[in-house]
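The values are calculated or read from the model by the stated rules, or taken from the named source; none is laboratory data. What you see is a predicted model, and the numbers here were worked out from it, not measured in a lab. Note that we place each Cβ from the backbone using ideal geometry, even for glycine, and neighbour counts take in every protein chain shown. These accessible areas exclude ligands, DNA and RNA; they are computed on the full protein's heavy atoms, side chains included. Shrake-Rupley method; radii C 1.70, N 1.55, O 1.52, S 1.80 Å.
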Amino acid sequence: MTRTVVVNFVQNGYFLLLTFVTGMFYFSFYLVALTLGLSLAFTVAGVPLLTRVLRTTTAFLHFERVQTKIYTDITTEPCVKSVIPDVSNWLQAKKVLLNLRNWIAIGWLLLKFPIGILSLISATLLYALPLVLIAVPFLYRFINLSFMGASVDTVAKAVMVSATGVVFMMVSSRLAGRLARLIGGYTCLMIKHVNR
């Protein structure tokens, strides 16, 4: 049982950090690609670029769906792929550009950026802080430490701070699990709204 708790704790940490990385990637990718595509839209090169960028939403939604299933074991409905008829390239581009589902998906994927920042801050607090508190008995002799206004200068105080770190790690394990499931719920909600 202890092994599964530790594995889940580490897996939730990976998922929180992956949320930050993917949120940063989506923000950067869509910011650059849409800005470049819209600024080149008056030329012939901008429309195909925008079309290709908008077609990436299905792949990114599928990636989010798979990652949510792997890390949180939350099953989401499959992402509906829009059918592209066999017509000329300009009519296909028009259909892709006017498809509201693509723009909604981009909006939801861009919202992963602030969620990712919050998950990075949460992962730092939930994972680094307990480890630092647990290591206090090894560090108090070399560094001037104070915990909640009290100076840690004896072994008894250092052990008390370390015990607080162990308790905080148990609490943070539950909090990290709930936060990971909350982000997984966001992915379910995102796919549900895009599929409407």
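Numbers below:
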read-out	value
Total lysine pairs under 16 Å (Cα atoms) in the chain, excluding pairs fewer than 8 apart on one chain	4
Degrees separating the helix 100-110 axis from the principal Cα axis of the chain, which is the longest one	20
Helix 112-123 vs. the chain, principal-axis angle (Cα, 0 to 90°, nearest 10)	10
For the chain, calculated [θ]222 nm from helices alone, where every DSSP H run of n ≥ 4 adds -39500 (n - 2.57)	-26000 deg cm²/dmol
Distance (nanometres) between label positions extended 7 Å along Cα→Cβ at Asn195 and Leu125	3.3
Surface share of carbon and sulfur [accessible, 1.4 angstrom probe, percent] for the chain	72
5 angstrom amide H check on Phe147, placed H, neighbours 5+ away	Val152
Cβ charges +1 (Lys, Arg) and -1 (Asp, Glu), total dipole of the chain, debye	380
Heavy-atom accessible area per residue - the chain, 1.4 Å, Å²	60
Nearest 10 degrees, 0 to 90: helix 89-98 Cα axis against the chain principal axis	50
Three-way shape label, the chain, alpha-carbon gyration tensor, a/c 1.5	prolate
Packing-based ranking, highest mean first, of 123-131, 136-144 given that Cβ atoms within 10 Å are counted	123-131, 136-144
